[in-house]
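The next block holds one structure in the form of structure tokens; read it before the comments.
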Amino acid sequence: MRCKLLVVFLVASLPVLGDDVVRDSVRVEEVVVTGHSISRFQAGSKIEKVKQAQFLAMQDGSLEQLLLRYTPVAVKGMAGSLSTIRLRGTSPDHTSINFGGININSLTLGHSNVSNVPMYLFDEIGLQYGSASVVNGSGSIGGAIHLGMNNYWVDGLKAELRVANGSFGEQLYGTKLFYGNGKWEGVTRAFYYAKANDFPFYNTTYDYDKKGDFGEDVQQNASIDNKGVIQEFNYRFNERSALTFKAWFEHDWHEIQQNMQTNALQPNVRETLMDEHVRLWSEYTSKQQRVSWLVGAGYVYDNSVHNQSTDNIATQRVLGKAEADYKLGINNGIKTGVSLKSIYPDVYAYDTDLSHENWTDLYLSYFHSFFNKLTLTINIRQAFVTNYSVPLTPALGFSFNAVSGDSYVWSFTGNVSRSYRVPTFNDRYWIPGGNPDLKPEKGMNYELGTKLSYASEQLVGHLKLNAFYLDVDNWLLWVNNGGWEAQNVQRVQSKGLEISTDWNWILGQYGLNSGMNYTYNPVVRKAANNSNSENMAIGRQLEYVPLHRGVLYVNGSYKNIMAGLDASYTDEQYISQGDKMLPELVLLNAQLAYRCQINRDNVLRIAGSFNNLTNKDYQSSYGYPMPRANYRVSITYNFK
């Protein structure tokens, strides 16, 4: 009966959009972002995969839009210009974003612009909540996001063409080509995205007629022009070993959105930012009966150009990784590995004596399962950085299936882990203000969770509850003491409660999926260690972290038609260490899709997304307007 329960769970986790989507999801067993190798040694960690139906609904958008609509993660955005995340109340620098064996976060800034991460290029998204430094290294105090790509091992040619158009000049053109003979395959994924971003808004910072009334305005100089391609070449030696290669080339350009006051008084002010990225990763994997091997190597080039300047802000990385996973027995195993990184900065504001920096990470993991009910995991990671001291990061976790029956499982999880972040190159070496003597940020994470899963022939779902506590010392800020400089000035505590549900009803040809994600997240400064500490709002909620955030969604399907509705709530947020706040916000969105099966090998899908249905004027970053009601319509053609 438990086997039957597992099968029902797997089937219910598939999207309700049609057979073409289901086939592509079922055939692939190697899940990159939430696969066995990631979760097996991290008992007690909260690792979730974005539902496939939700991921497919956001294929025309960015990582920012997906997180806002379907997760409780807080996002601070500027209408496509710059968006950063605050996972469990931490800073944008505290969440790693991973592609293959690469953390794509900038080595100069420390974070990624999530509005520049296109969902069209990927197959799935995984979120790891809470400390992940023991697995992902520096910069994962708040958690990690994994950009997943599957191997399909196609025999022949399979292709997809996609066109999307929307409000305010939005357009996306994309293609995916899969070609091979079942033993080798090539995959090409390419997209072009542009948006004029000339949306109307109500300007709350400028008095047009000098009578105390505010007026209508139109956003100026905020256009976007992004393009990218991921090329894969994969070779399968046999069912247990394969060689994969991925190359991600990205060119992102946008006009930096000006605030409301500048938009009204100086509409001709124009700033541009261009980011270029080359990310290469290749790895060989061998999965034998008791021993599995992985050897990987990579190269990353990042360059940022502000206003077509000739001043370089570029870095290069050479990466290497090797690990072995050995099954000691049926119920226990061990994994050990090493990762290497050499960084070569080329930044005009750094000391010219800084030629490169070497990183070496050693890690060891162990898991043991008792009676198919209790699993314990132990992880240890130690990093070595040139001329820098990095703390040891251990982690201990457990998962326990307390009660189970024919149709339900009630489980408990827990995790204690240490985390760290090495300050960025800008923090340490930018002239003026950088400080090479900065200490690494250090965090302690404690987490407890419980999950009740239920499955019957018509209803499948779960209720999950997680409580967490995170204490981060040496929190780094740039402070103004007669001039801006980087300092370890704060101790921050983040705690909270997360509740999530997801339920699937299957009634013949009708399907219904509904759920919620909610987080209660008090985040406060407990101490500050600089001369301006009295102005740092000790004991008060941190800026741009809402105390409450939640999303609700419901999706229904009948035959080849799917419709969905989602709503998000973001509590009021402090914008600075003063008293000014952004008001609370509720956004309502809808989507509709129709799948037309032309024949066995040709499928046409038409979809529409309708956002901010209540036509709200709102801000995600103070002083920067966001679009009112808008739409996007896409046509996707899949063929062999």
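Can you find even one residue in the stretch 546-558 that is in contact with a Pro (Cβ under 9 Å, 6 or more places away or on another chain), aliphatic (A, V, I, L, M) and in a loop (DSSP other than H, G, I, E, B)?
Taking every residue of the stretch 546-558 in turn, at least one turns out to be in contact with a Pro (Cβ under 9 Å, 6 or more places away or on another chain), aliphatic (A, V, I, L, M) and in a loop (DSSP other than H, G, I, E, B).
A quick yes/no check of all residues on (1) buried (at least 17 other Cβ atoms within 10 Å of the Cβ); (2) hydrophobic (A, V, I, L, M, F, W, C); (3) not in a strand (DSSP E or B):
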position	(1), (2), (3)
Gly228	yes, no, no
Arg236	yes, no, no
Ala247	no, yes, no
Glu250	yes, no, no
Trp253	yes, yes, no
Gln257	yes, no, yes
Asn263	yes, no, yes
Asn268	no, no, yes
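Can you tell me which of (1) more than 20 Å from Trp505 (Cβ to Cβ); (2) charged (D, E, K, R); (3) touching a Lys or Arg at 6+ places or on another chain (Cβ under 6 Å) is the one Asp566 doesn't meet?
For Asp566, the failing item is (1).
Can you pull out every residue in the stretch 557-602 that is out of contact with any Phe, Trp or Tyr (no Cβ under 7 Å at 6 or more places or on another chain), of a type in the set (Asp, Glu) and in contact (Cβ under 8 Å) with a residue 40 or more places away in the chain?
Of everything in the stretch 557-602, nothing turns out to be out of contact with any Phe, Trp or Tyr (no Cβ under 7 Å at 6 or more places or on another chain), of a type in the set (Asp, Glu) and in contact (Cβ under 8 Å) with a residue 40 or more places away in the chain.
What are the pairs, 6+ residues apart or on separate chains, where a residue within the stretch 120-140 that is assigned to a loop (DSSP other than H, G, I, E, B) has its Cβ under 9 Å from a residue that is modelled with pLDDT under 90 and of a type in the set (D, E, K, R)?
The qualifying pairs are Asp123/Asp24.
Determine whether the stretch 283-298 contains at least one residue that is assigned to a strand (DSSP E or B), surrounded by fewer than 14 Cβ atoms within 10 Å (Cβ to Cβ) and not acidic (Asp, Glu).
The answer is yes; a qualifying residue exists.
How many of the residues making up the stretch 77-135 are surrounded by fewer than 24 Cβ atoms within 10 Å (Cβ to Cβ), touching a strand residue (DSSP E or B) at 6+ places or on another chain (Cβ under 6 Å), of a type in the set (Val, Ile, Thr) and under 28 Å from Gln493 (Cβ atoms)?
Counting residues in the stretch 77-135 that are surrounded by fewer than 24 Cβ atoms within 10 Å (Cβ to Cβ), touching a strand residue (DSSP E or B) at 6+ places or on another chain (Cβ under 6 Å), of a type in the set (Val, Ile, Thr) and under 28 Å from Gln493 (Cβ atoms) gives 2.
Yes or no: the stretch 199-208 includes at least one residue that is of a type in the set (D, E, K, R), surrounded by 16 or more Cβ atoms within 10 Å (Cβ to Cβ), modelled with pLDDT under 95 and in contact with a strand residue (DSSP E or B) (Cβ under 7 Å, 6 or more places away or on another chain).
Among the residues of the stretch 199-208, not one is of a type in the set (D, E, K, R), surrounded by 16 or more Cβ atoms within 10 Å (Cβ to Cβ), modelled with pLDDT under 95 and in contact with a strand residue (DSSP E or B) (Cβ under 7 Å, 6 or more places away or on another chain), which makes the answer no.
Please find, within the stretch 372-382, the residue that is surrounded by the most Cβ atoms within 10 Å (Cβ to Cβ) out of those that are in contact (Cβ under 8 Å) with a residue 60 or more places away in the chain and closer than 30 Å to Thr108 by Cβ.
Within the stretch 372-382, the match that is surrounded by the most Cβ atoms within 10 Å (Cβ to Cβ) is Arg381.
Residue by residue, here is whether (1) small (Gly, Ala, Ser); (2) touching a Gly at 6+ places or on another chain (Cβ under 9 Å); (3) not in a loop (DSSP other than H, G, I, E, B) holds:
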| site | (1), (2), (3) |
| --- | --- |
| Ala43 | yes, yes, no |
| Ile47 | no, yes, yes |
| Gln59 | no, yes, no |
| Glu64 | no, yes, yes |
| Ser81 | yes, no, no |
| Asp93 | no, yes, yes |
| Ile97 | no, no, yes |
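Within the stretch 327-371, take every residue that is touching a Lys or Arg at 6+ places or on another chain (Cβ under 9 Å), within 30 Å of His306 (Cβ to Cβ) and of a type in the set (S, T, N, Q) and give me the one that is surrounded by the most Cβ atoms within 10 Å (Cβ to Cβ).
If we take residues in the stretch 327-371 being touching a Lys or Arg at 6+ places or on another chain (Cβ under 9 Å), within 30 Å of His306 (Cβ to Cβ) and of a type in the set (S, T, N, Q), then Ser342 is surrounded by the most Cβ atoms within 10 Å (Cβ to Cβ).
In the stretch 357-364, is there at least one residue being in contact with a Phe, Trp or Tyr (Cβ under 7 Å, 6 or more places away or on another chain) and either at pLDDT below 95 or over 15 Å from Asn136 (Cα atoms) (or both)?
No.
Criterion first (in a loop (DSSP other than H, G, I, E, B), within 30 Å of Gln258 (Cβ to Cβ) and aliphatic (A, V, I, L, M)) does Leu613 satisfy it?
yes
Considering only the stretch 311-322, how many residues are of a type in the set (D, E, K, R) and either modelled with pLDDT of 95 or more or crowded, with 19+ Cβ neighbours inside 10 Å (or both)?
2
What are the residues in the stretch 381-393 that are under 16 Å from Lys442 (Cβ atoms) and out of contact with any Lys or Arg (no Cβ under 7 Å at 6 or more places or on another chain), if any?
Arg381, Gln382, Ala383, Val385, Tyr388, Ser389, Val390, Leu392
The values are calculated or read from the model by the stated rules, or taken from the named source; none is laboratory data. Predicted, not measured: the structure shown is a model, and the values here were computed from it. With ideal geometry, Cβ positions are generated from the backbone for all residues, glycine too; neighbour counts draw on all protein chains shown.
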